Amino acid sequence: MSNNSILVVGGGFAGITAALEAAELGYEVYIVETNPYLGGRVAQLNQYFPKLCPPSCGLEIQFQRIKNNPNVKVITMADVASVSGTAGNYDVKITQRPRFVNEKCTACGECEKATATQIESEFDFGTGKRGLAYKTHPFMFPMRYVVDAENASEGELTAIKNACPYDAVELDDAPKTIDLAVGAIVVATGWKPYDVSKLTNLGGGALKNVVTNMQFERLAAPNGPTNGKIQRPSDGSEPKKIAFVQCAGSRDQNHLNYCSYICCMASLKHVRYVRERSDANVTVFYIDLRTPGRYDKFKTITEADDKLNLVKGKVAGIVEDAQGNPIVTVENAVTGIKTEEKFDMVVLATGMEPCGAGAGTTDADGFVMDGEGIIAAGCAKQPFDVMKTAQSGTAAAMKAIQTVVGR
C-alpha cells in the first residue's frame, strides 16, 4: 500500500516552496522545522537581492498560502529522529520539543515583560539579547511566543504563566514523538554559517570588531538589535572605515573546500547597506568577485561608488590594536605587495555549510544527495541564492509527486 503524503524536512524558503507546490496540487504535506518559526535564513536577512526587498515581502505571501491550505501541516521545534521503509512507503519518527505556549497565544507580549532576564539571541547570531519568553522577529510565523524553560528559574516560569491573560502558557508541556507515514521526503535542511571561531588567523570570534556577514546582516536589519544602525560591537560607535574579507573559510582545503556562490554578492549588498546609512569608506578584499547569472549589473552599480575600494588579495591575518581597531594584513595579488591597514570594523564573508541530512545520504562536503524517494532542495543540496532556492523547491515538489504517483 503506497502513501501519497509528502514530508518536507525544513521550513525555510526551499521547504516552504516545495510544500506549497505539492499541497496546491492536492497532496497532503507535512513541514517539519527545527526552529520555532518558518522562513529559515531568509527571515534573518535585512534585504535580499537583486531588488533588495525585505524578507517579510517574499515570506508573507508564502505564509498566507500556508494559512489558506488545509493540506499543509506545520510541525515546528521538531526534528526527524528516524526514517525507515522505502520510496512510496516511509515510516518517519519526529521528535518535537516543548514550546510551553499553546495556540491560545495572541503574541500580546505580556509574558515577555514578566521576567527581566536576558540571554544571547540565536536569531541575531549573538549580536543582541532576548527574554526568556520571546518571539524571534516581528513577522514570525506561526505568530506564537516561545518560553525558554531551560534557562528560566521556577519563579520566572510562574511569573511568565501568571502574566498571560489568555491561559496560553503550559508549563507541563513535554517532548512529543510523532509518527508519520509518507511516500516521499524532501530534504530542505538548509545551511549554517561556517564556524567563525575556526578562523583564528582572522580573529574570528575573538576580536570584538570582527563580525560575520550574517551578524552584519542583523546589525543592518530594522528588527535587529541596533534597529538597523550599523555600529561597532566594542563601543557602539559608527564605523568610518570598514573592510570586507571574502572567502573567509571558503575555497580553503583546511575549511570549506568549495565556493559558497553567494558571499561576494552578499558583501556587495552590505556595501550598499553601509553607504545608504553613512559616508564610511569601504574596502573589499577578494580572491575572485563572483556575480552569478544576472547579478553583474548589481556589481556595476555598486562599484561606481567612489567610497568603495575593491582589492584583489588574500587576507593573511587580522589582529587588533589597543583601541580594538582591527589591523588587516593583506597581500595584494596584482602588485605582490604585503601591507597592514587599520579599520574600525571588519566583516568576514563566512561560507555556507550544509546543516546535514535529517534523511538521505550526503557527499564529501556534507550536501544532501538525491536518493529514490528522498529529494534534496535548496542549500541542503548546494549553495544557492533565494531565487535558485525557490526554483529547486519547485523541482523537488515535482520529483516528490512523481514518486508518490508513479506507484
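Among the criteria (1) within 27 Å of TYR261 (Cβ to Cβ); (2) open to solvent by 20 Å² or more (accessible area, probe 1.4 Å); (3) over 19 Å from the mean Cα position of the chain (by Cα), the one ILE178 does not fulfil is (1).
Within region 58-81, residues that are closer than 17 Å to ALA188 by Cβ and part of a helix (DSSP H, G or I) have Cβ atoms under 8 Å from residues that are of a type in the set (Asp, Glu) and open to solvent by 20 Å² or more (accessible area, probe 1.4 Å) in these pairs: ARG65/GLU24, counting only partners at least 6 apart in sequence or on another chain. Evaluate the following for THR300: is it polar (S, T, N, Q) and part of a helix (DSSP H, G or I)? When the stated conditions are applied, THR300 passes them. Checked against the criterion of being part of a helix (DSSP H, G or I) and either out of contact with any His (no Cβ under 8 Å at 6 or more places or on another chain) or closer than 30 Å to ILE230 by Cα (or both), the candidates ALA322, ALA390 yield just one match: ALA390. Which pairs have Cβ atoms under 6 Å, sit 6 or more apart or on different chains, and link a residue in region 358-374 that is more than 19 Å from LYS93 (Cβ to Cβ) to one that is acidic (Asp, Glu) and assigned to a loop (DSSP other than H, G, I, E, B)? Cβ pairs passing all conditions: MET369/ASP363.
Residue count for region 33-50 satisfying the condition of being in contact with a helix residue (DSSP H, G or I) (Cβ under 9 Å, 6 or more places away or on another chain), closer than 24 Å to VAL101 by Cα and touching a residue at least 60 places away in the same chain (Cβ under 8 Å): 8. When THR329, THR335, THR339 are checked against the criterion of being open to solvent by 40 Å² or more (accessible area, probe 1.4 Å), in contact with a strand residue (DSSP E or B) (Cβ under 9 Å, 6 or more places away or on another chain) and not in a loop (DSSP other than H, G, I, E, B), THR339 stands alone in meeting it.
VAL29 meets the conditions (1) over 23 Å from PRO354 (Cβ atoms); (2) open to solvent by less than 30 Å² (accessible area, probe 1.4 Å) in every case but one. The failed one is (1).
Scanning region 262-281 for residues that are part of a loop (DSSP other than H, G, I, E, B) and closer than 26 Å to THR389 by Cβ returns a single hit, ILE262.
Condition first: of a type in the set (Lys, Arg), part of a loop (DSSP other than H, G, I, E, B) and in contact (Cβ under 8 Å) with a residue 40 or more places away in the chain. Can you find one or more residues in region 87-100 that meet it? Yes, there is a match, as at least one residue in region 87-100 is of a type in the set (Lys, Arg), part of a loop (DSSP other than H, G, I, E, B) and in contact (Cβ under 8 Å) with a residue 40 or more places away in the chain. In region 292-313, what residues are surrounded by fewer than 16 Cβ atoms within 10 Å (Cβ to Cβ), closer than 17 Å to ALA349 by Cα and either acidic (Asp, Glu) or at pLDDT below 95 (or both)? The answer is PRO292, and nothing else. Could you tell me whether any residue of region 13-24 is part of a loop (DSSP other than H, G, I, E, B), open to solvent by less than 30 Å² (accessible area, probe 1.4 Å) and under 20 Å from ILE94 (Cβ atoms)? Within region 13-24, none of the residues are part of a loop (DSSP other than H, G, I, E, B), open to solvent by less than 30 Å² (accessible area, probe 1.4 Å) and under 20 Å from ILE94 (Cβ atoms). The strands (runs of 3 or more DSSP E) found entirely in region 189-261 that carry 2 or more residues being farther than 22 Å from ILE327 by Cα are 191-193.
With respect to PRO233, is the statement that it is touching an Asp or Glu at 6+ places or on another chain (Cβ under 6 Å) and either in contact (Cβ under 8 Å) with a residue 24 or more places away in the chain or within 19 Å of ALA280 (Cβ to Cβ) (or both) true? Criteria not met by PRO233.
The values are calculated or read from the model by the stated rules, or taken from the named source; none is laboratory data. This structure is a prediction, so every number in the text was calculated from the model and none was measured. Positions of Cβ are generated from backbone atoms using ideal geometry, with glycine treated the same way; all protein chains shown enter the neighbour counts. Ligands, DNA and RNA are stripped out before the accessible areas are found, and what is left, the full protein with its side chains, is counted by its heavy atoms. Shrake-Rupley method; radii C 1.70, N 1.55, O 1.52, S 1.80 Å.
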